[in-house]
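Okay, structure first, notes after.
Where a number appears in this text, it was derived from the coordinates with a stated rule and is not lab data. These figures come from a predicted structure and were not determined experimentally. We place every Cβ from the backbone using ideal geometry, glycine too, and count neighbours over all the protein chains shown.
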């Protein structure tokens, strides 16, 4: 019935916040992806989950996909999004901001420069806090990426997926998700730009439990050989602009182009979280090719984040 909440794949999360990819268990990740696929198929079934409630969207960084998909998602779940732009905890203490918002809204979505900002928000706010990007993680992006791969390939166990580029927040979250799905994950980065060691260790531990693997190399061709998907991101993330010249030089041989794609599996797809700088980390030829899945990823941000809000915010009020 349109407007009603009909959930065929109940997804209750043990965690009250989603600050890191590992805040949810492997089983919860699978359930959340099932729910995201169902939400995409039958959006009207979930149109009242957030009825009568507001969600604040706090943005310290510019955004297109994250801002729009969360705002649209809250609307489509029957809620009201509230925008908050600028530094969090600048004009007044962060703990005061958190305790004000917990009295007004059902959840907090925050896109921040520092992971510590999200951790502090969660410490002081009694409502769920969702990481919409930090310097260490981009878990909502990784949910959409994993959903996109499931749509293309079904069961991901044993699939080879490659990431070519910087050991940044996007690669951290993607690597963690791939490890938890039993994927054989290969990453090529220049010396000095490998992933955070603690996050790498967590991914390796998860891969050991799921039958996946993590392989790091400085050779892009070796990383992508036989891969079913090749993922890349910008060479200079927000906040690192002072290193632009150094990074462009270091990553010059790590561009995803037609020649590199030919080393992947014949049915391989190209992935990018966007925005892309065409001519740097990826050529226009690749991102505009039939192999490109970048706009499927962008679309799935909406469905994956709606599933996350249903599981966190809906469950918090007993709808599930």
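Key figures
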{"read-out": "Gain on full stretching of the segment that runs from residue 61 to residue 205 - 0.36 nm per residue minus C-alpha separation", "value": "48.7 nm"}
{"read-out": "Cα→Cβ-extended label distance, 7 Å offset, between residue 222 and residue 278, nm", "value": "3.3"}
{"read-out": "Alpha-carbon Rg with Dmax, taken over the chain, Å", "value": "19.0, 57"}
{"read-out": "Cα long-axis angle, helix 94-104 against the chain (0 to 90 degrees, to the nearest 10)", "value": "50"}
{"read-out": "Relative contact order of the stretch 5-68, pairs being alpha-carbon contacts under 8 Å that are 6 or more residues apart, as %", "value": "36"}
{"read-out": "Nitroxide proxy distance, nm - points 7 Å out along Cα→Cβ at residue 257 and residue 295", "value": "2.5"}
{"read-out": "Degrees, to the nearest 10: 26-41 long Cα axis against longest axis of the chain", "value": "80"}
{"read-out": "222 nm mean residue ellipticity, helices alone, for the chain (DSSP H n ≥ 4; -39,500 (n - 2.57); rounded to 500)", "value": "-11500 deg cm²/dmol"}
{"read-out": "Pair-distance profile P(r), taking every C-alpha pair of the stretch 140-297, with 5 angstrom steps and integer %", "value": "2, 10, 20, 25, 23, 14, 6, 1, 0"}
{"read-out": "Virtual spin-label span in nm between residue 12 and residue 100, 7 Å along Cα→Cβ", "value": "3.5"}
{"read-out": "Prolate/oblate/rounded call for the stretch 189-268, Cα gyration tensor, a/c under 1.5 rounded", "value": "oblate"}
